[in-house]
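**Student:** Structure in structure tokens, see below.
Here, each number is a calculation from the coordinates, and none is a lab measurement. Owing to the predicted nature of the structure, the values given are computational and were not obtained by experimental measurement. Positions of Cβ are generated from backbone atoms using ideal geometry, with glycine treated the same way; all protein chains shown enter the neighbour counts.
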Amino acid sequence: MTPERVVVTGLGVIAPNGNGKEAFANALRECKSGIRFGPELRDGGLACQVSGVPQGIEELCEKNFTEEERRLSNHFVTYACLAALDAWQDAGLRRPPADSDEVDWDSGAIVGTGCGAVEIMAEKLVPIVNTGNIRRLGSTMEHTFGSANSARVAALLALGNQVSSNSSACSTGNEAVVESFFRIREGRAKRMLAGGSEGHSKYTSAGADAMRVLCRTHNDSPEKASRPMSASAGGFVPAGGAGILVLESLSSARARGARIYAEVLGAHVNCGGQRMGGSMSAPNGEGVRRCIRAAVAMADVRPDQIDAINGHLTATMADPLEIESWRAALDLPPAKMPLIQATKSLVGHALGAAGGIECVATVLQLDRGFLHGSLNCEDLHPALAAYADRIPHETVMLPNLKIMAKASFGFGDVNACIVFRKFEN
């Protein structure tokens, strides 16, 4: 059987610097930061007191959800539902009535999360259990499942194909797109909602703060805190949100006359086995390179045909190592490398949602012919000096932008890479 071609027909995003594709695209083009001071982080005793928290969520919930639907949600579920509904309707698909019996057996969702409902467990589940008054829990358990985001999305849109939540740390969102791509390619679904969501709370950030991997040097200037590729990078900035794409078979998209943003040419996931320098918190460079090479080989494009890379690039010591892995995997000299960007410089690191948000950013830029600049790396890391001309600091208009690679590399030495191409009939 000939594999199905897989395209992107819908985009949904809840991000610290903009909700919905138009606001998010404008924020990217303007290099607008969504990093803000967080009083709750200060009051919780964290050294990092800035974060990327989506704004205007209550208004969006009131507009799109019933009172019961709002009551049954928490941050990571709410963000997932808003982004999924956004993507679904952007794809020209109908939201079914809540009281109907129709089920869409051809559509599913893989919407992952890294941490899930940490704030619900910390603020409600544990305190109530510790009082011994178990009956007060009510339906709290529904909120704590790691699959609550995809389950709620399925209920919202009556999805009958595969519905699951993956969790692979910072690679989660990318991995969800990869797995959805293969499901459609193999003919097991016509369309899939794919991406990730993550809540935000002091509880989610506290462990990373204790490990001293969060930025603690720019609490008084939040917009300067997220500094990927910078010599003065001091760790990543925590964030929340959701990024979800509608992936669809080309035959299905054409049959219903859907607008097509991009095509997924190739993808791959792997693990470095926590060997050769790889660990829970560091990547095995050989695993990273193999992942990139496999995705590019499947895409059947030459490395020099890739116009840009949307990197993982978190503002840690791993940034120079990541770019060196890209260079080695593509076997290109620094001067011939694709242009390189770090979306986390604008929104922070949304953990399980990062890959989904950054995939939406990648597809929007392909569709609209621009590449956003990376903030706060004017003092480029010395190890990246040879790449200085390949790292834009301001937005560059690129009407001929056609192929971009997007990768995420997560805790646990797990990797996911995707190659997108702007769709042209």
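**Student:** What FRET efficiency comes out for the pair Ala231/Glu123, r = Cβ-Cβ distance, R0 = 45 Å, nearest 0.05? Don't jump to the answer; show the numbers that get you there.
**Tutor:** Details: r = 39 Å, r/R0 = 0.86.
Efficiency, rounded to the nearest 0.05: 0.70.
**Student:** Moving on to the next point. As an exercise, find the ratio Rg/Rh for the stretch 183-236 from alpha-carbon atoms, using the Kirkwood inverse-distance average for Rh.
**Tutor:** Numbers: Rg = 18.0 Å, Rh = 14.3 Å.
My calculation puts Rg/Rh at 1.25.
**Student:** Rounded to the nearest 5, what % of the DSSP beta bridges within the stretch 6-255 are antiparallel ones?
**Tutor:** On the way: 21 of 32 bridges.
Percent antiparallel among DSSP bridges in the stretch 6-255 is about 65.
**Student:** Another question, then. Subtract the Cα-Cα distance of Ala328 and Ala23 from 0.36 nm times their separation in residues, and report this length gain in nm to one decimal.
**Tutor:** Working: separation 305, 0.36 × 305 = 109.80 nm, distance 3.59 nm.
Length gained between Ala328 and Ala23: 106.2 nm.
**Student:** Contact order normalised by length for the chain, with contacts defined as Cα pairs under 8 Å and 6 or more residues apart; what percent is it?
**Tutor:** On the way: 1136 pairs, mean separation 102.0, N = 425.
Reported as a whole number, the value is 24 percent.
**Student:** A further question on this structure: Take peptides 40-50, 408-418 and line them up by average Cβ neighbours within 10 Å, highest first, as a rough protection proxy. Spell out each step's value before the answer.
**Tutor:** Values: 40-50: 18.5, 408-418: 26.8.
Taking the mean over residues of other Cβ atoms within 10 Å, the ranking is 408-418, 40-50.
**Student:** Between Ala255 and Met276, what's the calculated FRET efficiency when r is the beta-carbon distance and R0 is 60 Å? Round to 0.05. Please report the intermediate quantities before stating the final value.
**Tutor:** Details: r = 47 Å, r/R0 = 0.79.
In this case the efficiency is close to 0.80.
**Student:** For the stretch 86-142, state which GluC sites (Glu not before Pro) are in a DSSP loop and have at most 16 other beta carbons lying within 10 Å of their beta carbon.
**Tutor:** Values: sites: Glu102, Glu119, Glu123, Glu142; in loops: Glu102.
Here the GluC sites (Glu not before Pro) that fit, given the DSSP loop and packing criteria, are Glu102.
**Student:** Follow-up. When only Cα pairs under 8 Å and 6 or more residues apart are kept, what is the percent relative contact order across the stretch 6-255? The partial results should precede the final answer.
**Tutor:** Details: 528 pairs, mean separation 79.1, N = 250.
It rounds to 32 percent for the stretch 6-255.
**Student:** Can you tell me how much longer the chain between Glu58 and Lys336 gets when fully stretched, taken as 0.36 nm per residue apart minus their C-alpha distance, in nm with one decimal? Intermediate values should be presented prior to the final figure.
**Tutor:** Numbers: separation 278, 0.36 × 278 = 100.08 nm, distance 4.62 nm.
Contour length minus the Cα-Cα distance gives 95.5 nm.
**Student:** Just want to confirm a number: the relative contact order over the stretch 1-132, from Cα pairs under 8 angstrom separated by 6+ residues, in percent.
**Tutor:** About 26 percent, as a whole number.
**Student:** I need the peptides 331-343, 348-360, 173-185 ranked by packing, meaning the mean over residues of other C-beta atoms within 10 angstrom, with the highest value on top.
**Tutor:** The densest-packed peptide leads the list: 348-360, 173-185, 331-343.
**Student:** Grab the eigenvalues of the alpha-carbon gyration tensor for the stretch 1-97, scale each by 5, take roots, and send me the semi-axes largest first in whole angstrom. Don't skip to the end; give the middle numbers.
**Tutor:** Details: eigenvalues 168, 76, 35 Å².
Three semi-axes, in Å: 29, 20, 13.
**Student:** Another question, then. Taking the chain, how many lysine pairs are there with alpha carbons less than 12 Å apart, if each pair must be eight or more places apart or span two chains? Working shown, then result.
**Tutor:** Values: Lys32/Lys224; Lys32/Lys344; Lys224/Lys344; Lys402/Lys422.
Lysine pair count for the chain: 4.
**Student:** Still on this structure: Taking the beta-carbon count within 10 Å as an exposure proxy, list Phe24, Phe37, Phe76 from fewest neighbours to most. Before the final figure, lay out each step's value.
**Tutor:** On the way: Phe24 28, Phe37 15, Phe76 36.
Arranged by neighbour count, lowest to highest, Phe24, Phe37, Phe76 become Phe37, Phe24, Phe76.
**Student:** Also: Give the order of Tyr387, Tyr261, Tyr79, Tyr203 when sorted by the count of other beta carbons within 10 angstrom, beginning with the fewest. Could the numbers behind the result be given before it?
**Tutor:** Numbers: Tyr387 21, Tyr261 24, Tyr79 34, Tyr203 16.
Going from sparsest to densest Cβ surroundings: Tyr203, Tyr387, Tyr261, Tyr79.
**Student:** If you find the alpha carbon centre of the stretch 208-260 and of the stretch 108-186, how far apart are they in angstrom?
**Tutor:** Measuring centre to centre over Cα atoms gives 19 Å.
**Student:** Give me the number: length gained by fully extending Arg94 to Arg212, i.e. 0.36 nm times residue separation minus the C-alpha to C-alpha distance, one decimal in nm. Mind dumping the intermediate values first?
**Tutor:** Details: separation 118, 0.36 × 118 = 42.48 nm, distance 4.56 nm.
Taking 0.36 nm per residue and subtracting the Cα distance, the gain is 37.9 nm.
**Student:** Spin-label point model (7 Å from Cα, Cβ direction): what's the Glu394 to Asp379 distance in nm?
**Tutor:** 2.2
**Student:** Still on this structure, I have one more. Where does the Debye-calculated log10 I(q)/I(0) of the chain sit at q = 0.11 Å⁻¹, using only Cα point scatterers of equal weight, no solvent?
**Tutor:** -0.75
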